[in-house]
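No value in this document is a laboratory result; all are computed from the given coordinates. These figures come from a predicted structure and were not determined experimentally. Virtual Cβ from ideal backbone geometry, glycine too; neighbours counted across all protein chains shown.
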Amino acid sequence: MKHARLPTFLRPLAALALVSLGAVAGAQTRELSSSGELLDSIVALVNDGVVLRSELEAETARIVARLQKQGTQLPPAPVLERQVLDRLVIEQLQVQRAEKVGIKVSDETLNQGLATIAERNNVPLAELPALLAREGVDYAGYRRELRQQITIDQLRQRDVLQRISVSPKEVETYLARQEGKASLRQEFLISHILLAAPSSATPEQVLAAESLADDLYKRLQAGEDFAKLAVAYSSGQQALEGGSLGWRKGSELPSLFADVVPGLNIGQVAEPVRNASGFHLIKLDDRRGGEAVMEKQTRARHILLTTNEVLDDGSAREQLKAIRERILAGEDFAAVAKAVSEDPQSALEGGDLGWAGPGNFVPAFEEQLNTLEIDEISEPLNTQFGWHIIQVRERRVYDATGDKQRQEAILAIRNSKLGDEVDIWTRRLRDEAFVEYRL
């Protein structure tokens, strides 16, 4: 990946099933004692790999301890052992698949995962080894186990998550379904016109009220004043207040209003609706609450050079210094980015990264971004993706409420599909593999 922006599902490492303290059993190797006694054995062949008896016993012991702590009744020992072995086989297959497709977890990514675990346990990263030691967990083994978990997570993202599609219709349906729940935390300023047509009304009276409601709705759509029409025509108790019902909590709205009001825009009048009292015209004058998300955003562009066998770190840094000087002397940043940047996603746009809020870039990139003035070009910066120079174009404060809701909807829909897709994927891995049990 060349781009400095992290995919949503990697910001932060929340997608990982990060292990809790004490949950790691380091892998062991087969050894012979001085007397020639076998200290370990193979319990499963998995393609060209193995699962060892020591691994099975350690994982089984960990799971038994967790289940006992939860007060969960244990299944028979042979059943539990086979379930644990099946899990270890699947993990082995996933690790082999990750190696095959070239997934490697860098020390930087591993350290970020460790920092997240330390933060969740309210300790500095430097104190994590001591904390693990007090739990009886070997730090080196813990790092190996976490690296494997991150590797498997990245593999699932590659093979499963990125293949799960979410249609615009699914997003809209999800948001509509959530809207009612969000409305309970909001307050609404509502105006109302009632055209009475009680159950005792004659058909002619009902028809007259319906006709008047349609006529008033058309007049309101044409721009007539709601309060004036309410005073003139409404049978509601607030008619003399221009039909204003004042501020009402979403959780306290009558069902008639609760079904209509949350879907209105401010200033919008709903089409006439009928209930046992008659025909109603409802207007949303204002709303408040719901925690709008105001986000400080930056629009920036960058030029990326990646290192390889030919271009080392020093050479990449010097090249970017020279490029920076050329741009400062008058060359067009966008033209240079199109010509030399190795970020395929932004190079076509002259290096433009679009508007982005906090957390959209890796930490080193974002920290540099936040120090720059408008139009300032940074010195060469190294991240896990390569070497960059960055220029800030604009900054703004943006109402990102809608964007955040859509992002959350997409993530929620993907996650709802993820379980079934992972099951299908792991079954396929198992079916295509050579596995021999030796219990």
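For this structure, a couple of remarks:
- Cα-derived Rg over Rh, computed across segment 255-300 with Rh taken as Kirkwood radius: 1.23
- With all pairs of separate Cα atoms included, segment 333-391 yields a Kirkwood hydrodynamic radius of 12.0 Å.
- Along the axis of the charge dipole computed for the chain (Cβ charges of +1 for Lys and Arg, -1 for Asp and Glu, origin at the Cα centre), the listed residues 306, 223, 419 are led at the positive end by 419.
- Counting only Cβ charges, +1 for Lys and Arg and -1 for Asp and Glu, the dipole size of segment 186-289 around its Cα centre is about 200 debye.
- Placing +1 on each Lys and Arg Cβ and -1 on each Asp and Glu Cβ, with no other charges, gives the chain a dipole about its Cα centre of roughly 660 debye.
- Taking each of 249/404; 249/283; 169/404; 100/321 in turn, the alpha-carbon distance tops 27 angstrom for 100/321.
- log10 of Debye I(q)/I(0), alpha-carbon scatterers only, for the chain at 0.06 Å⁻¹: -0.47
- Within segment 285-439, percent of DSSP bridges classed antiparallel, to nearest 5: 95 percent
- Ellipsoid equivalent to segment 144-286 - semi-axes via the Cα gyration tensor, in Å: 47, 16, 14
- The alpha-carbon of residue 296 sits under 17 angstrom from the alpha-carbons of these aspartates and glutamates, leaving out residues fewer than 8 places away in its chain: 366, 367, 373, 394, 399, 403.
- Entry for segment 367-439 at q = 0.28 Å⁻¹: log10 I(q)/I(0) = -1.14, Debye formula applied to identical alpha-carbon scatterers, no solvent contribution.
- Annotation: extensible slack from residue 329 through residue 401 equals 21.8 nm (criterion: 0.36 nm per residue apart, minus Cα-Cα distance).
- The length gained by stretching the chain between residue 79 and residue 139 to full extension, at 0.36 nm per residue less their Cα-Cα distance, is 18.5 nm.
- Taking the inverse of the mean reciprocal distance over all distinct Cα pairs, the Kirkwood hydrodynamic radius of segment 359-408 comes to 12.5 Å.
- Near residue 101, once Lys and Arg are set to +1 and Asp and Glu to -1 for all other residues with Cβ below 15 Å from its Cβ, the sum equals +3.
- Annotation: lysines with alpha-carbon distance below 16 angstrom to residue 104 (same-chain offsets under eight excluded): 2.
- Segment 295-399: mean projected area of Cα convex hull, nm²: 6.4 nm²
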